[in-house]
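Have a look at the structure below, then the notes.
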Amino acid sequence: MFKNFNEDISAVMERDPAVKSKLEALLCYPGLHAIIFYRISHFFYKKGAFLIARLISQAGRFFTGVEIHPGAVIGKRLFIDHGMGIVIGETTEIGDDVTLYQGVTLGGTGKDKGKRHPTIHNNVTIGSGAKILGPITVGKNAKIGAGAVVLRCVPPNTTAVGVPAHTTKKDNELIRIDLNHTDLPDPVETRIKELEERIKGLEEALRFSEDLKESC
């Protein structure tokens, strides 16, 4: 658990250009505080002390504005930027080197027991205000655009944007950590432009056909 603490601090140092020292990260970053509360509450949760775990997680929510259920499974080097309003549900699974921005929800659907929250694989970046709902999977190296509502699985190395979210393929180049979650392609806009070009081509072909008939 203490090894994870050190790696969580290192994630802040690596991914936030504003931080000046590890002491500043430890004292002034509520996202890091939320993860520390989570690590402790998860320890008690695994021991079966569910009430103590929930009390610790609720204290973390009160002090940081980040709600992480102690039953969630979170990997190494999670970076929560700012953090206010983030919700991570009980059966959520998060891999290594994941980045969450303010207002992200990893939420469940329905009242059934069992897996009902998302699985986030390694090196995923989730933009501000994005909602990922249900027992779906977000693949390795994927990006979720700010404000997206994701209701279906997102394949690895793709970008999801929109409401509901649509995915678009990315280049095959794999980048360990890429924090860009604003300058993202829009697959709906791309499709509309393709249709406009097709309509333009059909109109030109129709005009050519009409001109050819008149000349005959």
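The values are calculated or read from the model by the stated rules, or taken from the named source; none is laboratory data. It should be emphasised that the depicted structure is a prediction, and the values quoted were computed from it without experimental measurement. Cβ atoms come from the backbone with ideal geometry, glycine included; neighbour counts cover every protein chain shown. The protein model used for the area step is the full one, side chains on, heavy atoms only, and it has no ligands, DNA or RNA in it. Shrake-Rupley method; radii C 1.70, N 1.55, O 1.52, S 1.80 Å.
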(request) Return the distance in nm (one decimal) between the two label points of a simple spin-label model at A205 and Q58, each offset 7 Å from Cα along Cα→Cβ. (result) 6.7
(message) Just to verify a number: FRET efficiency for T190 and V149, C-beta to C-beta distance, R0 = 22 Å, to 0.05?
(response) 0.70
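Of the listed pairs K47/K76; K20/K47; K20/K131; K47/K140; K115/K140; K46/K113, which have alpha-carbon separations greater than 25 Å here?
Pairs exceeding 25 Å: K20/K47; K20/K131; K47/K140.
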(request) Rounded to the nearest 500, what is the 222 nm mean residue ellipticity of the chain from helices alone, with -39500 (n - 2.57) per DSSP H run of 4+ residues and division by all residues? (result) -12500 deg cm²/dmol
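With Cβ to Cβ distances under 13 Å as the rule, what net charge do the other residues near E67 carry (K, R +1; D, E -1)? Show your work: numbers first, answer last.
Working: positive: R54, R61; negative: E90.
Neighbour charge sum, excluding E67 itself: +1.
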(message) Using the Karplus curve 6.51 cos²θ - 1.76 cosθ + 1.60 with θ = phi - 60°, what ³J(HN,Hα) values do you get for each residue of the range 154-164, in whole Hz, with x for Gly and Pro?
(response) 10, x, x, 6, 10, 10, 10, 9, x, 10, x
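Say R0 is 25 Å: what FRET efficiency, to the nearest 0.05, do C28 and K76 get from their beta-carbon distance? Could you put the intermediate results ahead of the total?
Details: r = 22 Å, r/R0 = 0.87.
That pair, C28 with K76, gives E of 0.70.
Tally Lys/Arg at +1 and Asp/Glu at -1 over every other residue whose Cβ is under 12 Å from the Cβ of L133; what's the total? Intermediate results must be reported in sequence, preceding the final value.
Details: positive: R116, K131, R152; negative: none.
Here the charged neighbours net out to +3.
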(request) Tell me the label-point distance for the pair K213, A49, using the 7 Å Cα-to-Cβ offset, in nm and rounded to one decimal. (result) 8.5
(request) Considering only protein heavy atoms, with the full assembly of protein chains and a 1.4 angstrom probe, order F5, F44, F63 by accessible area, largest first. (result) F63, F44, F5
(request) For E197 and K20, compute 0.36 nm times the residue count separating them, minus their Cα-Cα distance, and round to one decimal in nm. (result) 58.7 nm
(message) Relative contact order of the chain, please, whole-number percent, based on alpha carbon pairs below 8 angstrom and at least 6 residues apart.
(response) 11
